[in-house]
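The values are calculated or read from the model by the stated rules, or taken from the named source; none is laboratory data. Values in this document were obtained by computation on a predicted structure and should not be read as measured data. Positions of Cβ are backbone-derived with ideal geometry, glycine not excepted, and every protein chain shown enters the neighbour counts.
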Amino acid sequence: MSDALLQNSFYIGNVFNSILYGVELMLYFDTMQAYLEKQLEHRPSDKLYMIFSTITLFLITIFVATQLVLGQEMWIINAGYPGGALAYFVAHVSAWYQTMGSVASILLQLMADGLLIYRCFTVWRGSYCVLFVPCCLWLSTLVFGILDLITSGSPNGNFYEGLAARVGLVYFSLTIGLNVITTCLICGRVMFYARRMRNHLGLEVSKAYFITVAIVVESALPYTLFGIAFLVSFGLESDTSILFLSLYGMFTCISPQMLILRVVRRRAWSTETAQPTALVFATRSAAAPYTTSTSTGSSVV
């Protein structure tokens, strides 16, 4: 480990954690406001989404707090630690509060991946065939997540070295592989219907329904991209991996929250979006001002 590079990466990671935590708070309260003030009829799933959002906010708060505590202990309280900040980091990376942060981040990842699998199921109109591989990967991440906690949280355990690092590499390879597969499935499906609508209704109408931001949010693309960046740096044993881990951890919460906000505002993809009735409605209203309702009462992207 390079002392200067690791400390700079950890510091910058904590700065981004604080900024992105503010973004998460804004998204959370926007979601709650939309849920409480919206004129549309409440769905049973809306309450579940609110509970999901609250739990993920609680978990990401634990993750951010434990990272800040480690920084405070390393740079301020124990500034004169023998061997310097790097020695303190290595000696206390498995401290109880760091293990608590790891538990929170793994629970958060399992919840985020579960939501992504559910959205993939929704976009593919209830096709169980597309769920087989993602569900197998999700179960595998559950097993290796527990193993990762055991190896990295044990006395003298180090998430970045030895057995804990090898188990962690397998764990993150599985979860990020799951992210890549579900993201590709969702992006592919949405882009397929975007092209289909463009051929039938023209470019301008299809833009209204399949804008870029919809694809990015529906597929949780930032979550996947930062996961890939972390996995590459972690596999190369680069000290910058601690920075990408912070970004990946934050978007594990932010990407699902952006998606839930679209769901609550009735702008997210539903099982009726790509049905023929929705396309017929779109054809009839192509010349009319843009609306977010379909003939079945479900919104489109």
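Restricting attention to the stretch 157-183, report how many residues are touching a Phe, Trp or Tyr at 6+ places or on another chain (Cβ under 7 Å) and either of a type outside the set (Gly, Ala, Ser) or at pLDDT 90 or above (or both).
Looking only at the stretch 157-183, we keep the residues that are touching a Phe, Trp or Tyr at 6+ places or on another chain (Cβ under 7 Å), and these are 165, 167-172, 174, 178-179.
So of that shortlist, the ones also either of a type outside the set (Gly, Ala, Ser) or at pLDDT 90 or above (or both) come out as 167-172, 174, 178-179.
Number satisfying all stated conditions: 9.
Quickly run through the stretch 90-111 and pick out the residues that are aliphatic (A, V, I, L, M) and under 16 Å from Ser154 (Cβ atoms). First the steps, then the outcome.
Here is the first cut: in the stretch 90-111, the residues aliphatic (A, V, I, L, M) are 90-91, 93, 95, 100, 103-104, 106-108, 110-111.
Within the stretch 90-111, Val90, Ala91, Val93, Ala95, Met100, Val103, Ile106 qualify.
Before we move on, is Ile55 within 16 Å of the chain's Cα centre (by Cα), closer than 30 Å to Arg265 by Cα, surrounded by 14 or more Cβ atoms within 10 Å (Cβ to Cβ) and modelled with pLDDT of 95 or more?
Working: within 16 Å of the chain's Cα centre (by Cα): yes; closer than 30 Å to Arg265 by Cα: yes; surrounded by 14 or more Cβ atoms within 10 Å (Cβ to Cβ): no; modelled with pLDDT of 95 or more: yes.
Against the criterion (within 16 Å of the chain's Cα centre (by Cα), closer than 30 Å to Arg265 by Cα, surrounded by 14 or more Cβ atoms within 10 Å (Cβ to Cβ) and modelled with pLDDT of 95 or more), Ile55 does not qualify.
For the stretch 79-106, how many residues meet the condition of being on the phi > 0 side of the Ramachandran plot and without any contact (Cβ under 8 Å) to a residue 12 or more places away in the chain? Give the steps one after another, and end with the answer.
We begin by selecting, within the stretch 79-106, every residue on the phi > 0 side of the Ramachandran plot; these are 83-84.
With without any contact (Cβ under 8 Å) to a residue 12 or more places away in the chain added as a condition, the list becomes 83.
The total comes to 1.
Just to check your reading of the model, which residue among Val123, Val103 is at pLDDT 90 or above and either over 28 Å from Val216 (Cα atoms) or within 19 Å of the chain's Cα centre (by Cα) (or both)? Even if it seems obvious, please write down each step before you answer.
Details: Val123 fails: at pLDDT 90 or above.
Of the residues listed, the single one that is at pLDDT 90 or above and either over 28 Å from Val216 (Cα atoms) or within 19 Å of the chain's Cα centre (by Cα) (or both) is Val103.
Go through the residues of the stretch 218-227 one by one and say whether even a single one is assigned to a helix (DSSP H, G or I), modelled with pLDDT under 90 and in contact with a Lys or Arg (Cβ under 9 Å, 6 or more places away or on another chain).
Yes, the stretch 218-227 contains at least one residue that is assigned to a helix (DSSP H, G or I), modelled with pLDDT under 90 and in contact with a Lys or Arg (Cβ under 9 Å, 6 or more places away or on another chain).
Which of the residues belonging to the stretch 139-152 are within 19 Å of the chain's Cα centre (by Cα) and either under 23 Å from Leu86 (Cβ atoms) or small (Gly, Ala, Ser) (or both)?
Of the stretch 139-152, the ones within 19 Å of the chain's Cα centre (by Cα) are 139-142, 144-145.
Of everything in the stretch 139-152, those that are within 19 Å of the chain's Cα centre (by Cα) and either under 23 Å from Leu86 (Cβ atoms) or small (Gly, Ala, Ser) (or both) turn out to be Ser140, Gly145.
Please specify each residue of the stretch 106-156 satisfying the condition of being surrounded by 22 or more Cβ atoms within 10 Å (Cβ to Cβ) and of a type in the set (Ser, Thr, Tyr).
Hits for the stretch 106-156 are Thr141, Ser152.
Table: residues versus (1) part of a helix (DSSP H, G or I); (2) over 26 Å from the mean Cα position of the chain (by Cα); (3) among the polar types (S, T, N, Q); (4) closer than 23 Å to Ala229 by Cα.
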residue	(1), (2), (3), (4)
Ile12	yes, no, no, yes
Asn17	yes, no, yes, yes
Leu20	yes, no, no, yes
Met26	yes, no, no, no
Tyr35	yes, no, no, no
Ile51	yes, no, no, no
Gln67	yes, no, yes, yes
Tyr81	no, yes, no, no
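Of a type outside the set (Asp, Glu) and part of a loop (DSSP other than H, G, I, E, B), is that true of Ser105? Reasoning before the result, please.
Working: of a type outside the set (Asp, Glu): yes; part of a loop (DSSP other than H, G, I, E, B): no.
The answer is no for Ser105.
Tally the residues that are surrounded by fewer than 11 Cβ atoms within 10 Å (Cβ to Cβ) and closer than 30 Å to Leu86 by Cα, restricting the search to the stretch 20-52.
1
Here's a check for you: in the stretch 153-171, which residue that is hydroxyl-bearing (Ser, Thr, Tyr) and within 20 Å of Val232 (Cα to Cα) is farthest from the chain's Cα centre (by Cα)? So that I can check it myself, show each step before the final result.
Kept after step one, since they are hydroxyl-bearing (Ser, Thr, Tyr), are these residues of the stretch 153-171: 154, 160, 171.
Then drop every residue that is not within 20 Å of Val232 (Cα to Cα), which leaves 160, 171.
Numbers: Tyr160: 22, Tyr171: 16 Å.
Result: Tyr160.
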